[in-house]
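Throughout, read-outs are computed from the coordinates displayed, never taken from laboratory work. Because the structure is predicted, anything quoted here is derived from the model rather than measured. Don't worry about glycine lacking a Cβ; one is built from the backbone with ideal geometry, like all the others, and counts go over all protein chains shown.
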Amino acid sequence: MPVQGIRSVTSARNGVGAFILQCKRLDFHYCDWAGSSRGMVSFLKHQLNAFAKQNPQIEIRVSPRPHKHPVIKGHYINGREKAVCVRNLEPEQIFQKVNLLKQNSGEKNKRTKKPVTSINDSVRGIWSPYHGGLKSV
Amino acid sequence: MFSRSVLAKAFAPPLEQVARPSLTATSTTFRACLHQSTTTTSATNPPTEPLSATVRAQSSIPAVQPTFQTSTTPVTRADVPADKQPIAPAFTTPLKVSQSLLSTLPQLTSQKPHYITAHLHDRPYLLTEGDDLRLPFLMPNVAPGDVLRFNRASLLGSRDFTLKGSPYLDERLFECRVRVLGVDSEPLRVKEKTKRRRRHVQQITSKHRYTLLRVMEVKAKSVEELQREGAIVEEEAKA
């Protein structure tokens, strides 16, 4: 009998079957008066409509935030949120920031050394000195 | 054709350009095949009627949507639009399977789960189904939700059996699909640089972005499947 790991209940893994985008909501905050919101207001007027149409799975909220710099906040399925300040940015730069929030996984930024992370049991099993190929001294 | 060239860059840059003169060694032919390409495939399907701004501006009738030509790529999945269908690889010779492989392959295919050592840019990644793969680079021209098929692998195995490639397996022997989940980034790195006899420290910052993938499928094709796809059994009387 080979050594076996402890059996566990299956956990949902997004993308193996169905795929759900991790970003569920984007909040756009702007100020009508302040100059740092000029690019943001232009983005909201001209580009946000097309972006919302292309991404129907993302809820989009636009609300004023007077006397503050413009901010885009992304809300994710894992419950976290990411905020990006877009003061004095051009509409094209803001579009890049929006794309960044859209594609993001919502996890905290971490530096990882290993490319593969797995929750599966080892396919070939764990080596055991007591099983198979025993040699007498 | 555009998505094809994009994937060629992403997967096998040197080998894809080669005119492949020697196809007898089937184990050394590789070809990238994307299952669902990016949104930038407008070049393949030109609209049938040329766009004219004057007519649209003057008439109050809603303009007829330009009809797109159906591409010649084989339709394998109904839920994927026609311009995003995978491009079938054009192999010139059928897959040759030796007698020994034919006799031992059922043992591998029937024993699940499988692992695979897939190579991407000549780096090996040991993958099983459901694994997370964070590539050490940002893959260009992919969007979240896209499905890629890895076509180069050196090992494919189960608990007791392993199929080894020399150096790589023929891509028609297995299927390995991954889904693009999104783009991840690392915390800001700050590198302090100094020069001698200069009381000044430069702070160089960098923040790399990485593509997140998830393995959807690792499958060893069975003998029946290989034969249905036109594999030829090699006679090994010489040995």
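This ranking places A:His75, B:His200 by how few other beta-carbon atoms lie within 10 Å of each, fewest first, which gives B:His200, A:His75.
In percent, rounded to a whole number, the relative contact order of the stretch B:111-193 is 31, using alpha-carbon pairs under 8 Å and six or more apart.
Size of the stretch A:23-103: Rg and Dmax of its alpha carbons, in Å, are 11.7, 35. Taking the stretch A:48-137 as the region of interest, the number of lysine pairs whose Cα atoms are within less than 18 Å, with members eight or more places apart or on different chains, is 12.
Multiplying the residue separation of B:Thr205 and B:Glu235 by 0.36 nm and removing their Cα-Cα distance gives an extension gain of 4.7 nm.
Its Cα gyration tensor gives chain A an equivalent ellipsoid, and the semi-axes of that ellipsoid, as √(5λ) in whole Å with the largest first, are 50, 15, 12.
Across the stretch A:11-21, rounded Karplus estimates of 3J(HN,Hα) from the backbone phi angles (6.51 cos²θ - 1.76 cosθ + 1.60, θ = phi - 60°) give 10, 5, 10, 5, x, 6, x, 7, 10, 10, 5 Hz, Gly and Pro being marked x. Working note: 222 nm ellipticity from helices only, DSSP H runs with n ≥ 4, each -39,500 (n - 2.57), summed and divided by the residues of chain A, gives -6000 deg cm²/dmol to the nearest 500. Given +1 at the Cβ of Lys and Arg, -1 at the Cβ of Asp and Glu and no other charges, the dipole of the stretch A:23-103 around its Cα centre is 180 debye to the nearest 20. Listed by chain and number, the aspartates and glutamates whose alpha-carbon sits under 16 Å from that of B:Lys219, ignoring those within fewer than 8 places in the same chain, are B:Glu129, B:Asp131, B:Asp160, B:Asp170, B:Glu171, B:Glu175, B:Glu229.
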